[in-house]
Amino acid sequence: DGECEESNETDEARTIEDIRIAKKNAHRFKTASDYLEAAKCYTDKGDLQKAKELYIDAIDICEKYLVGGFTEDTYRVKAECCRNFADIIKEEGHLENAMAFYQEALRIYKILKFYSPDYEQALSEVERRIKIFT
């Protein structure tokens, strides 16, 4: 019984810490999300260099600041950035790098699908893009 109580207290402390970190870094997530949206606009306008910079900045923010446990929004933004960045660099002929970003998006969408079936379509799209390489 003592072990269970200790484990629950540890899990609760970890959850509280995750929430604290997420709240502390919420503005950074907003920045990453804003970068994603801006990158999509630049992609639509044909300014692929600026779009790539923003996708990478958003990925960096997700990786650097939002490490306090699983946050669906963080993973969603990172996966979408990886997928869109891969689309651009694939068209530029950087196939090996594109595959690495597609693989990362695939890994993330598999995690997200575990928590919500809403990500099935995104997962299928990335799998389809990866099949092009094989």
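Output the residues belonging to the stretch 124-134 that are surrounded by fewer than 14 Cβ atoms within 10 Å (Cβ to Cβ), in contact with a helix residue (DSSP H, G or I) (Cβ under 7 Å, 6 or more places away or on another chain) and among the aliphatic types (A, V, I, L, M).
none
Which residues, counting only those in the stretch 35-60, are touching a helix residue (DSSP H, G or I) at 6+ places or on another chain (Cβ under 6 Å) and either loosely packed, with under 14 Cβ neighbours inside 10 Å or modelled with pLDDT under 85 (or both)?
Residues satisfying the conditions do not exist here.
Given ASN97, ASN84, which one is within 20 Å of CYS41 (Cα to Cα) and of a type in the set (S, T, N, Q)? Walk me through how you get there before you give the answer.
Values: ASN97 fails: within 20 Å of CYS41 (Cα to Cα).
Going through ASN97, ASN84 in turn, the sole match is ASN84.
Restricting attention to the stretch 91-123, and to residues there that are hydroxyl-bearing (Ser, Thr, Tyr) and at pLDDT 90 or above, which single residue is surrounded by the most Cβ atoms within 10 Å (Cβ to Cβ)?
Our first condition is that a residue be hydroxyl-bearing (Ser, Thr, Tyr); within the stretch 91-123, this holds for 102, 109, 115-116, 119.
If we keep only those that are at pLDDT 90 or above as well, we get 102, 109.
On the way: TYR102: 22, TYR109: 25.
Going through the qualifying residues, I end up with TYR109.
Inspect all residues belonging to the stretch 16-34 and state whether any of them is within 24 Å of ALA98 (Cβ to Cβ) and either hydrophobic (A, V, I, L, M, F, W, C) or at pLDDT 55 or above (or both). Before you say what the answer is, go through the steps one by one.
Here is the first cut: in the stretch 16-34, the residues within 24 Å of ALA98 (Cβ to Cβ) are 32-33.
Checking the rest, the ones that are also either hydrophobic (A, V, I, L, M, F, W, C) or at pLDDT 55 or above (or both) come to 32-33.
Scanning the stretch 16-34 turns up at least one residue that is within 24 Å of ALA98 (Cβ to Cβ) and either hydrophobic (A, V, I, L, M, F, W, C) or at pLDDT 55 or above (or both).
Residues in the stretch 98-115: is at least one basic (Lys, Arg), out of contact with any Ser or Thr (no Cβ under 6 Å at 6 or more places or on another chain) and more than 24 Å from LEU54 (Cβ to Cβ)? Steps first, answer last, please.
We begin by selecting, within the stretch 98-115, every residue basic (Lys, Arg); these are 107, 110, 113.
Going one step further and asking which of them are out of contact with any Ser or Thr (no Cβ under 6 Å at 6 or more places or on another chain), we end up with 107, 110, 113.
Filter again for more than 24 Å from LEU54 (Cβ to Cβ), leaving 110, 113.
Taking every residue of the stretch 98-115 in turn, at least one turns out to be basic (Lys, Arg), out of contact with any Ser or Thr (no Cβ under 6 Å at 6 or more places or on another chain) and more than 24 Å from LEU54 (Cβ to Cβ).
The values are calculated or read from the model by the stated rules, or taken from the named source; none is laboratory data. Treat the numbers as computed from the prediction; the structure is a model and nothing was measured. So basically every Cβ, Gly included, is an ideal-geometry build from the backbone, and we count neighbours across all protein chains shown.
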